[in-house]
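The values are calculated or read from the model by the stated rules, or taken from the named source; none is laboratory data. In this text, all values refer to a predicted model and were calculated from it rather than measured experimentally. Methodologically, a virtual Cβ is constructed for each residue, glycine included, from the backbone with ideal geometry; neighbour enumeration extends over all protein chains shown. Side chains included, ligands, DNA and RNA excluded: accessible areas come from the protein's heavy atoms. Shrake-Rupley method; radii C 1.70, N 1.55, O 1.52, S 1.80 Å.
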Amino acid sequence: MTKRVAILISGGGSNMIRLVESMAGDHPASCVLVVSNDPAAAGLLRAAEMGIPTAAVDHRAFKGDRPAFEAALQAELDKAAPDILCLAGFMRVLTAGFVQHWDGRMLNIHPSLLPKYKGLHTHARALEAGDTEAGCTVHLVTAALDDGPILGQARVPVLPGDTEADLAARVLVQEHRLYPLVLERFARGDLTPVML
């Protein structure tokens, strides 16, 4: 039985696009909804162009009331009844209550080799530390920020003279490879980590 996937985005949705494109043929999942916390997110237009239903729940309207925002977000998700929730550049920290509802069914991609550099500014932090490699991680979401069991990682070299933008671009290429691979395996019930 095909798993139903909803994807949460905040911006252009490049990872969302790769996930949707990957869910073709005999893939064990299909995308049923793309939701953004920003009604102006470019990714919503891209999803609609790909024939995916979209919704927007503007977090600013809730004036910092995260449970109320999440209740509205959950109401949109309930309409589509997804089995799996993929965070793809969704820039809102979710409460423990929301995460618990999706326990074991919510994936996130993070632009560092977790457990290194949880949170923001991951590429700058890797450069400041003098790291020789960086990368990205797909993990199950838990109540702790950028924590939870690792389902996949992809590594890239940090090159001499790299800027934050250089490193971000190199990591993004690997994000677009890794997330679809992990999602397909996860939808088949395989939690063995993918290492690229």
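Relative contact order of the chain, please, whole-number percent, based on alpha carbon pairs below 8 angstrom and at least 6 residues apart.
Details: 376 pairs, mean separation 38.6, N = 196.
Contact order relative to length: 20 percent.
Using a 1.4 Å probe over the heavy atoms of the protein chains, calculate the carbon and sulfur portion of the accessible area of the stretch 157-196 as a whole percent.
Details: 1330 of 2160 Å².
About 62 percent, which is the carbon plus sulfur part of the accessible surface.
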Rounded to the nearest 10 Å², what accessible area does THR137 show when all protein chains are kept and the probe is 1.4 Å? 0
Along the charge dipole of the chain, which of VAL99, ALA42, ALA88 sits closest to the positive end, that is, farthest toward it, with unit charges on the beta carbon of Lys, Arg, Asp and Glu (+1, +1, -1, -1)? VAL99
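At a 10 angstrom cut-off on C-beta neighbours, averaged per residue, how do the peptides 72-79, 161-168, 111-118, 60-67 rank from highest to lowest?
Values: 72-79: 15.9, 161-168: 13.9, 111-118: 18.4, 60-67: 11.8.
Listed from highest to lowest mean packing, they are 111-118, 72-79, 161-168, 60-67.
In the stretch 92-139, what percent of the accessible surface is made up of carbon and sulfur (1.4 Å probe, ligands and nucleic acids excluded)? Before the final figure, lay out each step's value.
On the way: 1190 of 2190 Å².
Carbon plus sulfur share of accessible area: 54 percent.
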Per residue, what accessible area does the stretch 137-192 have, given a 1.4 Å probe and all protein chains present, in Å²? 46
Chain lengthening between ALA48 and LYS63 when straightened (0.36 nm per residue, less Cα-Cα): 2.6 nm
Separation between the ALA143 and THR163 pseudo-spin-labels, each 7 Å from Cα along Cα→Cβ, expressed in nm? 4.2
Which entry in [x] 185; [y] 116; [z] 151 is this structure's computed volume of the Cα convex hull per residue in Å³? [y]
Å² per residue, accessible surface of the stretch 1-135 at 1.4 Å: 46
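If you put +1 on each Lys and Arg Cβ and -1 on each Asp and Glu Cβ, how big is the dipole of the stretch 142-192 around its Cα centre, in Debye rounded to 20?
Here the stretch 142-192 has a charge dipole of around 260 debye.
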